[in-house]
1. Would a scan of segment 15-26 turn up a residue that is part of a helix (DSSP H, G or I) and closer than 23 Å to residue 171 by Cβ?
2. Considering only residues of segment 353-370 that are modelled with pLDDT under 90 and surrounded by 16 or more Cβ atoms within 10 Å (Cβ to Cβ), which is farthest from residue 291 (Cα to Cα)?
3. Residue 131: under 21 Å from the mean Cα position of the chain (by Cα) and at positive phi, yes or no?
4. Could you please find all residues in segment 323-369 being more than 11 Å from ligand 1 (Cβ to nearest atom), under 17 Å from residue 76 (Cα atoms) and outside any loop (DSSP other than H, G, I, E, B)?
5. For residue 317, all conditions in the list (1) within 24 Å of residue 120 (Cα to Cα); (2) within 23 Å of the chain's Cα centre (by Cα); (3) in a loop (DSSP other than H, G, I, E, B); (4) modelled with pLDDT of 95 or more hold save one; what is the number of the exception?
6. Return the residues of segment 320-332 that are closer than 19 Å to residue 352 by Cβ and either near ligand 2 (Cβ under 8 Å from one of its atoms) or at pLDDT below 90 (or both); say none if nothing qualifies.
7. On the basis of being within 22 Å of residue 209 (Cα to Cα), modelled with pLDDT of 90 or more, within 15 Å of ligand 2 (Cβ to nearest atom) and assigned to a loop (DSSP other than H, G, I, E, B), does residue 282 make the cut?
8. Being in contact with a strand residue (DSSP E or B) (Cβ under 8 Å, 6 or more places away or on another chain), more than 8 Å from ligand 1 (Cβ to nearest atom) and over 22 Å from residue 366 (Cα atoms) is the filter here, so list the residues in segment 303-322 that pass it.
Ligand code: SF4
Ligand code: SF4
């Protein structure tokens with residue numbers, strides 16, 4: 001793949017990022033791998049596979065593509081769509097077992113919310129190693145298979161914020177343009193500019209207001225299609241419509257077309273302003289997820305200091321005291337309740353605790369994943 005093709009894939013698929021874009025699962029041979037070459041596994045979201053292949057240019061390796069329903073690693077694993085079964089299936093059916101002498105497979109760290117290391121090993125004999133959060137760090141990680149704290153921790157740098165702004169603005173402006181086409185052609189360009197401008201401002205200015213975002217606040221539920229907590233969007237929309245009514249009364253223009261045009265424009269502004277910013281990055285829990293009020297608790301009697309929690313936590317909440325063989329959570333306030341540490345702890349020493357003291361056991365976190373609306377799915381294929 002050349003530069004131009006790679007840039008084109010990135011541009012087109014960033015615009016379409018909200019859609020699943022699956023590619024064929026199975027084995028991809030990179031370079032001239034031998035019997036001790038690394039085996040790297042990723043999801044079957046086309047853009048992710050293209051980026052992994054790009055990052056591994058010049059490196060001899062086997063790349064396994066597992067079924068994640070065409071969705072990126074974080075969303076698919078967290079939502080129960082990239083599962084133990086998918087990893088086991090590609091390990092067993094791709095033919096990779098005949099090509100290498102070892103049984104170590106590198107998985108993306110962000111898959112740790114959905115793929116259980118212990119279970120995969122029990123079923124296949126393969127040892128899962130958690131690779132870096134960012135694909136770009138793969139070449140630096142591979143030689144020693146050691147992650148620095150920076151390789152374990154998610155961030156939301158400018159290029160990712162720009163990418164998410166495009167990912168939201170493109171579909172919203174497209175739909176708005178199509179709706180306005182029969183009603184108000186001259187309104188299409190302002191609507192598109194408004195959508196892109198607002199989305200870019202919201203995402204690029206993120207570092208300026210980040211410290212005021214409190215994921216544990218009820219009021220942060222100001223997100224797309226969520227009119228639940230306080231109905232903030234409804235109030236905003238009602239205020240705008242009231243303003244329109246006042247303008248109509250003042251100008252004497254009470255036509256349906258006037259209300260349709262400006263009603264669509266106002267709805268657009270409200271929708272863009274209520275983007276689920278926190279659902280756009282693993283840095284924060286989505287505002288739709290009630291799980292953001294949970295806290296991860298540690299049973300010190302069960303903890304053996306195995307440090308799997310430290311290896312998979314995307315917020316670097318853990319330190320492990322290797323003398324006392326005990327995990328500590330000095331940065332617990334950064335937790336995004338992803339559950340990865342709970343899923344991976346081989347001794348079930350971690351669990352969620354709700355503000356009213358109720359506990360959610362590791363088995364529940366492993367079995368039942370969150371859907372897009374933040375509800376735990378009753379049925380899951382998580383245990384393969
Ligand atoms: S909490 Fe679990 S994974 Fe973390 S150090 Fe203790 S035993 Fe290991
Ligand atoms: S401490 Fe929180 S953020 Fe870190 S892995 Fe556990 S649940 Fe996820």
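1. So the first thing to find is which residues in segment 15-26 are part of a helix (DSSP H, G or I), and the list is 15.
From what's left, closer than 23 Å to residue 171 by Cβ: 15.
Within segment 15-26, one or more residues are part of a helix (DSSP H, G or I) and closer than 23 Å to residue 171 by Cβ.
2. Across segment 353-370, the extreme among qualifying residues is 367.
3. Details: under 21 Å from the mean Cα position of the chain (by Cα): yes; at positive phi: no.
When the stated conditions are applied, residue 131 does not pass them.
4. Within segment 323-369, the first condition is being more than 11 Å from ligand 1 (Cβ to nearest atom), and the residues that meet it are 323, 330-339, 352-361, 363-369.
Retained after the next criterion (residues that are under 17 Å from residue 76 (Cα atoms)): 336-339, 365-369.
Scanning segment 323-369 gives 365, 366, 367.
5. Going through the list (1) within 24 Å of residue 120 (Cα to Cα); (2) within 23 Å of the chain's Cα centre (by Cα); (3) in a loop (DSSP other than H, G, I, E, B); (4) modelled with pLDDT of 95 or more, residue 317 breaks only (1).
6. 329, 332 - these are the residues of segment 320-332 that are closer than 19 Å to residue 352 by Cβ and either near ligand 2 (Cβ under 8 Å from one of its atoms) or at pLDDT below 90 (or both).
7. Numbers: within 22 Å of residue 209 (Cα to Cα): yes; modelled with pLDDT of 90 or more: no; within 15 Å of ligand 2 (Cβ to nearest atom): yes; assigned to a loop (DSSP other than H, G, I, E, B): yes.
The answer is no for residue 282.
8. Correct list: 319, 321.
The values are calculated or read from the model by the stated rules, or taken from the named source; none is laboratory data. Small disclaimer: the values here were computed from a predicted structure and weren't measured. Here the Cβ is made from the backbone with ideal geometry for all residues, glycine too, and neighbour counts use every protein chain on show.
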